[in-house]
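The next block holds one structure in the form of structure tokens; read it before the comments.
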Amino acid sequence: MKTFYRIGKRPSGDKCAIFRVSTDRGDQFLCTDTTSADYSVVEVDSQYFIEMWRNDFYDAHKDVSLGNPESWINDYKFKDAEEGFACGESNPVPLADVHCAVRSEAKDVWKRRYLFFREYVGQQIVKRVPYIGFTNGITRTIWLLAYGAKCFPVMCRTDNAELLQLMAGLPDGQPKKISELLSIV
């Protein structure tokens, strides 16, 4: 993994994987906050990630996903991320928790009945749209994006890590289960 830095310990004593991400503000440090094999880490390309996030249909975060570095800096929680990243390697910021899926867009299909009447037949899928949504970590992510991170690691459920890798992952990357990362000596 390109951004993997080392194995460390959380204040609780649990092991964690620490990642280093280059930004316009220097190197920033992130870490895993679970040891569960149900989760994996995927290193994503920033541009692909943003494109897929903008496909998310969840309206509550739509204004943020459609933003840009200038608008993200003015986000009401942006200073929280600023404070979190200020701790550096001694207290890395947890990875964002995302999910990746594909939604189907459909159109209604009607059949002509008689001269002026139509009968509803059903729906036909016209397009499949891959998207990324957040469980946690939007502000951390927009902070990295606002300061020019070209790639960064995110955490997702292992069962959709391959899809995330395919759609937004680094071309030479590979998802890694967190339990595998933590077994590195």
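The values are calculated or read from the model by the stated rules, or taken from the named source; none is laboratory data. This structure is a prediction, so every number in the text was calculated from the model and none was measured. Note that each Cβ is placed from the backbone with ideal geometry, even for glycine, and that neighbours are counted across all protein chains shown. Heavy atoms of the whole protein, side chains included, go into the accessibility calculation; ligands, DNA and RNA do not. Shrake-Rupley method; radii C 1.70, N 1.55, O 1.52, S 1.80 Å.
Tabulated results
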item	result
Residue in segment 34-46 that is within 24 Å of residue 162 (Cβ to Cβ) and part of a helix (DSSP H, G or I) present	yes
Some residue of segment 127-139 being closer than 20 Å to residue 170 by Cβ and of a type in the set (Phe, Trp, Tyr)	yes
Number of positions in segment 47-88 that are touching a Phe, Trp or Tyr at 6+ places or on another chain (Cβ under 6 Å) and within 20 Å of residue 161 (Cα to Cα)	3
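Yes/no matrix, rows are residues, columns are (1) open to solvent by 50 Å² or more (accessible area, probe 1.4 Å); (2) more than 29 Å from residue 129 (Cα to Cα); (3) free of Cβ contacts under 8 Å to residues at least 60 places away in the same chain; (4) small (Gly, Ala, Ser):
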{"site": "13", "(1), (2), (3), (4)": "no, yes, yes, yes"}
{"site": "16", "(1), (2), (3), (4)": "no, yes, no, no"}
{"site": "29", "(1), (2), (3), (4)": "no, yes, no, no"}
{"site": "35", "(1), (2), (3), (4)": "yes, yes, no, no"}
{"site": "48", "(1), (2), (3), (4)": "yes, no, no, no"}
{"site": "53", "(1), (2), (3), (4)": "no, no, no, no"}
{"site": "63", "(1), (2), (3), (4)": "yes, no, yes, no"}
